[in-house]
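Single-structure report; data block below.
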Amino acid sequence: MDDSAAPHPDSVLRLVTAVHRFSTPVINPGDQLSFEKSFKSCATPHENTRILMLLADGRRQTVKKNMAGVVSHPALSQALKDYIPLINQVLLSCKVQPDVAKLDKSLLFSWCSGIENGKTDKKRNFDSEALMFELALSLATYGLSESNVGHDACAEKDYPQASRQFARTAGVFKYMGSDLLPDWMANANGKQRAEMENESPAETNAGACVALSSLYMAMAQQMAVATVLAKPGAPNYALLGKLCLGVAEDLDSFVSTLRSKSPIHMQRMDPHFLKLITFSINVQRALSLYFLARSLWTASDYGVAIAALSEATVAMRTRSTPTGRGIPEIELNGPMHALVGEINGFRIHAGNLLRSWEKDNSLVYFDKVPPSVPANKALKAIQLNKTEEYTLEMWDPLPLGPKVATAASGGMGSGGTDDVSGRSSSRGSNHGGGGMPPPPSYDEAAANDPRLAGRPRSDSELARELHAKLNTN
């Protein structure tokens, strides 16, 4: 085979798919809280509400069981999907009836972070009495569990499925960072916000969640690149170069957002993880130059192709200073040491290809080789913004507090057969009644809640077309 047309090696695919796998947050095993016991006085008078509390307790125990031992992420994800609407319904019921939402026993939620885990063997438990804290950690755990299903798919080389899973996680964190958590902290003052940052994990910080959304968009796009690379035949190298550049920009956005919006949580993250992000940014830019070079050579633009490939080889060298150009030094026994073989494989391939091209150009083509890639030949990044929009399932609030005697019977919470979800179909037969008047409908209670505002998708037409193309088997 002509060395100048050598196909990309497997090391390129493996470098493209190098991603970090977070642990999932864990409920403190010693946490023995009970919604049924804590809300006993205000929930027991209403059969629907009492059943809600019992269901929430049962579903939470299922979540805890699925967190123990070797975790099955599909099972944990399903358990959380079953639990999240219930804790949200409890939260909303308290939110619209604060005067009667009285506890017999305090609720203290205790979780260990999955994102901040790594600097020390000792895991820190974060405690809070806020129902929103429980909802946020449950949502974050669901998102990270879905991402771990994606990691499993990536290991099995099912890159389209991995891309969809990472896009789903990106959507969860986007919702948390843009809607759920800002609403929680809307009325907090500066001191309260500072205390919140110190005493809560990254999963409950809006800035960290926005940053994580960018991280998982980058990972979803990495799997899109891998989908193209894994197909037989020569790929569209120019497209791949633009996509890799888009990955690098998403990762840059992750770092800059985390540094500016959540510096305290960034300091508590595993330094090996942050080093991998620096590594990935530089590798994606180097691969972008490599793919650009391949596309230029195919288009007979030999001189600029040589310049681009030369830049790619420089970008893949180990940097001499912490802020210099190139990839960071990899520790001999560190977690990134497994990538050394792939790095060396790419370096050997790129070096051989460069020498072959330089020889062909000196003997056949005689193209002028510029010192660097001209601006008019440089690629422009494509960011697919791959997210699967997440919508928190909302059920109507249920009544709390003592029953209020009325002339009629059959009111909400009077012991009837209403669906515990409080859906509108059951609410329709429960106006009036011998129990406490029903709380406002969901639409009335949350009409001004920014979490429910429409969130139009912002992908460009080109990005949507690429999204469909790259996920076609």
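The values are calculated or read from the model by the stated rules, or taken from the named source; none is laboratory data. Quick caveat, the model's predicted, so the values are computed rather than measured. Note: ideal-geometry Cβ built from the backbone for every residue, glycine included; neighbour counts use all protein chains shown. Just the protein is used for accessible areas: all its heavy atoms, side chains included, with ligands, DNA and RNA removed. Shrake-Rupley method; radii C 1.70, N 1.55, O 1.52, S 1.80 Å.
In region 119-152, what residues are of a type in the set (Ser, Thr, Tyr) and not in a strand (DSSP E or B)? Show your work before the answer.
We begin by selecting, within region 119-152, every residue of a type in the set (Ser, Thr, Tyr); these are 120, 128, 138, 141-142, 145, 147.
Answer for region 119-152, where residues must be of a type in the set (Ser, Thr, Tyr) and not in a strand (DSSP E or B): 120, 138, 141, 142, 145, 147.
What are the residue pairs meeting all of these: first residue in region 323-339, first residue within 20 Å of residue 14 (Cβ to Cβ) and hydroxyl-bearing (Ser, Thr, Tyr), second residue open to solvent by 20 Å² or more (accessible area, probe 1.4 Å) and at pLDDT below 95, Cβ atoms under 8 Å, and 6 or more apart or on different chains?
none
Considering 240, 229, which residue is surrounded by 24 or more Cβ atoms within 10 Å (Cβ to Cβ) and either within 26 Å of residue 270 (Cβ to Cβ) or not polar (S, T, N, Q) (or both)?
The conditions single out 240.
Which ones in region 136-173 are surrounded by 24 or more Cβ atoms within 10 Å (Cβ to Cβ) and of a type in the set (Asp, Glu)?
Selection gives 146 alone.
Quickly run through region 224-266 and pick out the residues that are over 12 Å from residue 212 (Cβ atoms), charged (D, E, K, R) and either touching a residue at least 40 places away in the same chain (Cβ under 8 Å) or part of a helix (DSSP H, G or I) (or both).
242, 249, 252, 259
Pairs needed: first member in region 34-59, without any contact (Cβ under 8 Å) to a residue 40 or more places away in the chain and within 18 Å of residue 83 (Cα to Cα); second member anywhere, surrounded by fewer than 16 Cβ atoms within 10 Å (Cβ to Cβ) and β-branched (Val, Ile, Thr); C-beta distance under 7 Å; at least 6 residues apart or different chains.
50/44
For the structure I just gave you, tell me whether residue 268 is among the basic types (Lys, Arg) and at pLDDT 95 or above.
no
Name every residue in region 279-322 that is on the phi < 0 side of the Ramachandran plot, assigned to a loop (DSSP other than H, G, I, E, B) and either open to solvent by 50 Å² or more (accessible area, probe 1.4 Å) or touching a residue at least 40 places away in the same chain (Cβ under 8 Å) (or both), in order of residue number.
Within region 279-322, 299, 301, 317, 320, 321, 322 qualify.
Which of the numbered conditions does residue 116 fail, given that it passes all the others? Conditions: (1) touching a Lys or Arg at 6+ places or on another chain (Cβ under 6 Å); (2) not in a loop (DSSP other than H, G, I, E, B).
(2)
Hey, could you check region 352-368 for residues that are surrounded by 15 or more Cβ atoms within 10 Å (Cβ to Cβ) and polar (S, T, N, Q) and say which is farthest from residue 296 (Cα to Cα)?
Looking at the filtered set, the residue picked out is 356.
Identify all residues within region 5-20 that are open to solvent by less than 30 Å² (accessible area, probe 1.4 Å) and either out of contact with any Asp or Glu (no Cβ under 6 Å at 6 or more places or on another chain) or of a type outside the set (Gly, Ala, Ser) (or both); write none if there are none.
Matches in region 5-20: 6, 12, 15, 16, 17, 18.
Of all residues in region 90-147, which are at pLDDT below 95 and among the hydroxyl-bearing types (Ser, Thr, Tyr)?
Hits for region 90-147 are 106, 120, 128.
How about region 1-47: which of its residues are more than 28 Å from the chain's Cα centre (by Cα) and within 30 Å of residue 301 (Cα to Cα)?
Of everything in region 1-47, those that are more than 28 Å from the chain's Cα centre (by Cα) and within 30 Å of residue 301 (Cα to Cα) turn out to be 1, 2, 3, 4, 5, 6, 7, 8, 9.
Please find, within region 369-398, the residue that is most open to solvent (accessible area, probe 1.4 Å) out of those that are more than 30 Å from residue 281 (Cα to Cα) and charged (D, E, K, R).
393
Checking residue 201 against (1) out of contact with any Phe, Trp or Tyr (no Cβ under 8 Å at 6 or more places or on another chain); (2) in contact (Cβ under 8 Å) with a residue 60 or more places away in the chain, only one condition comes out false. Which one?
Failing condition for residue 201: (1).
Please determine whether any residue of region 98-113 is open to solvent by less than 10 Å² (accessible area, probe 1.4 Å) and assigned to a helix (DSSP H, G or I).
No, region 98-113 contains no residue that is open to solvent by less than 10 Å² (accessible area, probe 1.4 Å) and assigned to a helix (DSSP H, G or I).
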